[in-house]
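Data first, discussion second: the structure below is written as structure tokens.
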Amino acid sequence: MLADLLRRLTHPRPKPLPELDARLALGALLVRIAKTDGTYTVEEISRIDRILAKTFTINPVQAARLRADAERLEHDAPDGEKFAEAIVKAVEADTREGVLAAMWQVALADGVERPQEDSLLARTAERLDLDGDAVARARAAATGQTVVPRMTAPKSGS
């Protein structure tokens, strides 16, 4: 009994995460990508606020509040799988591609692309059920590049 009490005191149960909606999930993913490299810069925070304001047609104060809620959620969440799952349930593939483009914008906001950011973006793309072409378009959209869609040749002898 004493051992059980000590275990509960030293290993408290994690707080349950709040019900996820697409707004919080997107915010949390953007915060997570910004923090992936161990820094959380003013440029990244500003970019997140602008993305949230534009995406949800809210004013800058509302966007900052949403980001603050997303920061708390991101801090308490074990991984981004739940965030991606909430987005997949809420929106179509082309919108999920836009989510990935927004994540790229945040990752590149500090002017440095890091391997840990690339890794998180690849895992998130997979969780968002996006293929390689969608990932390339999302990255290109984030950097302002034009992407020529890859076409496959028709099968011969059909």
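The values are calculated or read from the model by the stated rules, or taken from the named source; none is laboratory data. Note that the coordinates shown come from a computational prediction; the quantities given were computed from them, not determined experimentally. Virtual Cβ from ideal backbone geometry, glycine too; neighbours counted across all protein chains shown.
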With of a type in the set (S, T, N, Q) and farther than 17 Å from LEU26 by Cα as the only criterion, which of THR124, THR95, THR143, THR55 stands out?
THR143
Elements of type helices (runs of 4 or more DSSP H) contained in the stretch 54-116, each with 1 or more residues being closer than 18 Å to GLU44 by Cα and touching a residue at least 24 places away in the same chain (Cβ under 8 Å)
60-76, 93-108
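This table checks each residue for (1) closer than 19 Å to ALA101 by Cβ; (2) at pLDDT 50 or above; (3) part of a loop (DSSP other than H, G, I, E, B).
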| residue | (1), (2), (3) |
| --- | --- |
| LEU9 | no, no, no |
| PRO14 | no, no, yes |
| LEU17 | no, no, yes |
| LEU29 | yes, yes, no |
| ARG32 | yes, yes, no |
| TYR40 | no, yes, yes |
Filter the stretch 52-95 for residues that are within 23 Å of ARG127 (Cα to Cα) and of a type in the set (Ser, Thr, Tyr); which is surrounded by the fewest Cβ atoms within 10 Å (Cβ to Cβ)?
THR95
